[in-house]
1. Can you tell me what the convex hull of the Cα atoms of the stretch 13-73 projects to on average, as an area in nm²?
2. Going through the cross-link list K244/K273; K2/K267; K157/K267; K67/K267; K108/K273, which pairs have a Cα-Cα distance over 29 Å in this structure?
3. Could you order peptides 17-30, 116-129 by the average number of other Cβ atoms within 10 Å of their residues, highest first?
4. For K206 and D153, FRET efficiency with R0 = 35 Å and r from the beta-carbon atoms, rounded to 0.05?
5. I'd like the Karplus ³J(HN,Hα) series for the stretch 12-27: coefficients 6.51, -1.76, 1.60, θ = phi - 60°, whole numbers in Hz, and an x wherever there's a Gly or Pro.
6. Would you please state the base-10 log of I(q)/I(0) at q = 0.08, 0.12 1/Å for the stretch 99-275, with intensities from the Debye formula using one equal scatterer on every alpha carbon?
7. Pop the C-beta distance of R133 and V29 into the FRET formula with R0 = 41 Å and round what comes out to the nearest 0.05.
8. With a sphere of radius 9 Å drawn around the Cβ of V177, what net charge do the other residues whose Cβ falls strictly inside it have (Lys, Arg +1; Asp, Glu -1)?
Amino acid sequence: MKRLLLPGDLAGVRRHLLDRENSFHILRVLRLARGSTIEAMDDAGNRFSATLAGVKAGRALFDLAAKIPGPADSGPVEPVAGRSLAGERAELPRDRPPRIALVQGLPKGQKMDLIIRQAVEAGVELILPLQTRYSVVRELGKEETAGGGSRRDRILKEALQQSGSLVRSRLGPTSSVENLGARLIDEGFAPETSLYLMFHELDIAKLSLHEYCAGGPASVVILVGPEGGFSPEETRSFLDLGFKATHIPGSILRTETAALFALAAVKTILMEKNVWILSK
């Protein structure tokens, strides 16, 4: 465990009594002693240095000290020397990463578990499973449609704790093509303020990925299909929602590989955008 996850918004809170499940892990598995310190993050993304102050009725009691602002906070950034594609020296600022949402067409079997883990490690803020025409037809259980307490939530929590990601990833309920637009707006990824990218199995892109990202958007929604891709009707619906089509050339990728490829490509472009040179 690289980071302890705490519930709620604990900004300004000086002391926190951990729940029994996490207390057991802290005291019995990690065997933290009184005075030991561990990094912590709450649901609001606030970061703390948590010092074990004692044990109360079998539960770990931590003193919390607020740490440096997280990646979503504003403030000056320190430039780092870099080199552009043309060879001249450039200043590469340590930009705080853009907010990223991954909309993933539901894949077969347990592949979604792997995608969730990878998305958390990549610093994705929001993960939205999507039921599409070519997703495996099955009845969605309460755990997938309702959110909290599900197996996937536990996978997300474990990935957050193990990776030490600075982004407090969250898992939304399974959405349909029809309600996707409203869901993204509710989650803070409105089309007016976000770049919507659809990674499509067909090369229907009008611009390159670099050109789409050239404006340096503060938030990006990445849409990846299931094994069977998107139907023509779904593709039109996504375009109507404001998604820009892009394509990964070359070999056919598994859906879980495509998701990781898309996240890595977009993050690299946006985090190093000032040293990329677009041809005219």
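Throughout, read-outs are computed from the coordinates displayed, never taken from laboratory work. This one's a predicted model, so the numbers in the text were calculated from it and none came from an experiment. No Cβ is skipped: glycine too gets one built from the backbone with ideal geometry, and neighbour counts run over all protein chains shown.
1. Reported value for the Cα convex hull: 4.2 nm².
2. Violating the 29 Å Cα-Cα cut-off are K108/K273.
3. Taking the mean over residues of other Cβ atoms within 10 Å, the ranking is 116-129, 17-30.
4. Plugging the Cβ-Cβ distance into 1/(1 + (r/R0)^6) gives 0.40.
5. x, 7, 9, 9, 9, 9, 6, 5, 5, 4, 5, 4, 4, 5, 5, 8
6. Those come out to -0.22, -0.50, one per q.
7. Numbers: r = 44 Å, r/R0 = 1.08.
For R0 = 41 Å, the calculated efficiency reads 0.40.
8. Around V177, the charge tally is -2.
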